[in-house]
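As structure tokens, the structure follows; a few thoughts come after it.
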Amino acid sequence: MPIVNILVTREGTRPGAEKTTQEQKAAVYKGIADLLFDVMGKPHDDTIVLFQEHEIEDIGQSGLPLADFRARRDRARQVMS
């Protein structure tokens, strides 16, 4: 039985949306089940998808809060271009 864990930030959804909509989640569930069936032959009925949304403040990258990491990365990219 495949179990797929999807972790996303709450940012990047449609303008004004605070979280992923039920319709968007349903599309993700179907897409994952279809992919596992098409690639591995896993039956849809056996596929479980866990969808978790996290506030950007709850995520760190490279030892920094994610917002700070991205700001530093963006500044570095501007200098390089």
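The values are calculated or read from the model by the stated rules, or taken from the named source; none is laboratory data. Everything numeric here is computed off the predicted structure, so don't read it as measured data. Glycine also receives a Cβ, built like all others from the backbone with ideal geometry; neighbour counts cover every protein chain displayed.
State all residues of segment 45-71 that are surrounded by 12 or more Cβ atoms within 10 Å (Cβ to Cβ) and farther than 25 Å from Glu18 by Cα; if no residue qualifies, say none. Answer for segment 45-71, where residues must be surrounded by 12 or more Cβ atoms within 10 Å (Cβ to Cβ) and farther than 25 Å from Glu18 by Cα: Asp46, Thr47.
Set side by side, the residues Thr47, Thr21 differ, and just one is among the hydroxyl-bearing types (Ser, Thr, Tyr) and modelled with pLDDT of 95 or more, which is Thr47. Looking only at segment 6-45, residues that are aliphatic (A, V, I, L, M) and in a loop (DSSP other than H, G, I, E, B) come to 1 in all.
Yes or no, residue by residue, for (1) part of a helix (DSSP H, G or I); (2) closer than 18 Å to Thr9 by Cα; (3) polar (S, T, N, Q):
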| site | (1), (2), (3) |
| --- | --- |
| Val49 | no, yes, no |
| Glu53 | no, yes, no |
| Asp68 | yes, yes, no |
| Ala71 | yes, yes, no |
| Asp74 | yes, no, no |
| Val79 | yes, no, no |
